[in-house]
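A short worksheet on the structure shown next.
The values are calculated or read from the model by the stated rules, or taken from the named source; none is laboratory data. What you see is a predicted model; the values in this text were computed from it and never measured. Note: ideal-geometry Cβ built from the backbone for every residue, glycine included; neighbour counts use all protein chains shown.
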Amino acid sequence: ITILPTFSSVREINYKNPGNLYIFTYFIQLMCIRGITMRINHIKLLVLSSSFLCSTMAGAAQLYSKDGTHVSLNGEVKGRHYFSGDKTVDGDNSQVKLMLSGDTKINNRLTGYSYWEYNIPVNNTEGSNSKATTRIAYAGIKIDDDNSLNYGRNYGIMDDISGWTGIPVPEWGGESYDGIDNFMTYRTNNLLTYRDKNLFSLIPGLELGIQAQGKNDGWNDTENETGPRSNNPRGVAHQNGNGVGSSLIYHITDALSAGASYANSDRTLEQKQDRRGDRATGWNAGFKYDASRVYLAAYYGAVNNMHYIGSADGFSHKARGFEVLAQYHFDSGFTPSVLYTQGTALNLHNDDYSHNMDYIKFFDLAGMYNFNKNLE
């Protein structure tokens, strides 16, 4: 693995073109956020990031290759500092990411595969709890090149569409209603995922995704965190009942794709204490245009009883999200990027009144410079 010194802000890995590294990025954001503990009104956030990056998945180091079995290791180090008037954001945000992938040939049609992604914050003291986390971890079986089935911690089915505006930007994409461990909107666990690239070989270019999520519950006594209801109890914001979801994406041309997704889950006993219903549902629809120079993407989504606002308001009975992204790749290697994100919670209730609220609303202006096909 070659270590490259850079000045950088690194986005999430683009699995469609994973060889890219992203450097020398400046951001100016105008944000309006209201959440659990803070309300930020029109704060100008300037981010200058520096990074040491190793090669991404396209250049991963192969650790083992024998008799149809391959194991590869990839890593990434982000030296990242945020400058902001908001003290909860300002400061060091450096981290290390490790990715381990493997596959083994079972027969001419079947291949077993697995993937693990581990994130380690490095902005704490050596003796502190670093809050290192497993972002992704799953194992599965692939049938030919068109069908796959895996189980583990993965991206929720609704991210098939919202990821079109989240993955290409260096920071803060796909946030209009997505949340970590929040039903099937983003990264979460207990997922069984089936994918078919050509709809059972009936319609070329039509991708089908089907996902089932098992229950992730809390405690009998939440305040004291005793009497766990499952082997992985968690707070009410990150709980979910049994659920299913699906996505359809049609590749109209090599550059243009359109799709939609839907998810429907039971709510847990603790979540239902707000008396807003027994189900949590969500859908989104969007498009993506990815040509050699131009990248355009947008989606609109609606979630009910899924998006958690905070301890005072709880889950938003209805939340609506909208994102639109535009990028242009110049011959010089420079890529400007403009992203607009808005998330609105409807019919919030606390002890005093009912109201609507834009819990997130901002423009993200970014620039990336591409030195070659492997270094940006």
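Without any contact (Cβ under 8 Å) to a residue 24 or more places away in the chain and either small (Gly, Ala, Ser) or touching a His at 6+ places or on another chain (Cβ under 9 Å) (or both) - does that describe any residue in region 110-120? Checked region 110-120: no residue is without any contact (Cβ under 8 Å) to a residue 24 or more places away in the chain and either small (Gly, Ala, Ser) or touching a His at 6+ places or on another chain (Cβ under 9 Å) (or both).
Thr341 fulfils the conditions (1) within 21 Å of Ile161 (Cβ to Cβ); (2) modelled with pLDDT under 90; (3) β-branched (Val, Ile, Thr) except for a single criterion, (2).
Counted as qualifying within region 254-358 are the strands (runs of 3 or more DSSP E) with 3 or more residues that are under 23 Å from Ile157 (Cβ atoms), namely 256-266, 279-290, 294-304, 318-328, 334-349.
Checked against (1) under 20 Å from Thr134 (Cβ atoms); (2) at pLDDT below 95, Gln271 meets all criteria but (1). Evaluate the following for Gly156: is it within 30 Å of Ser337 (Cα to Cα) and at pLDDT 95 or above? So Gly156 passes the test.
Here Trp172 fits the description: on the phi > 0 side of the Ramachandran plot and touching a Ser or Thr at 6+ places or on another chain (Cβ under 9 Å). The set of residues from region 75-109 being touching a Gly at 6+ places or on another chain (Cβ under 8 Å), within 24 Å of Asn154 (Cβ to Cβ) and not in a loop (DSSP other than H, G, I, E, B) comprises Val96, Lys97, Leu98, Met99, Asp103, Thr104, Lys105.
Reported count of residues in region 161-181, each being of a type in the set (A, V, I, L, M, F, W, C), over 11 Å from Val324 (Cα atoms) and buried (at least 24 other Cβ atoms within 10 Å of the Cβ), is 2. Screening Gly277 with (1) in contact with a helix residue (DSSP H, G or I) (Cβ under 8 Å, 6 or more places away or on another chain); (2) at pLDDT below 95 gives one miss only, at (1).
Would you please name the residue that is surrounded by the most Cβ atoms within 10 Å (Cβ to Cβ), looking only at residues in region 262-273 that are closer than 15 Å to Val236 by Cβ and free of Cβ contacts under 8 Å to residues at least 60 places away in the same chain? The extreme case among them is Gln271.
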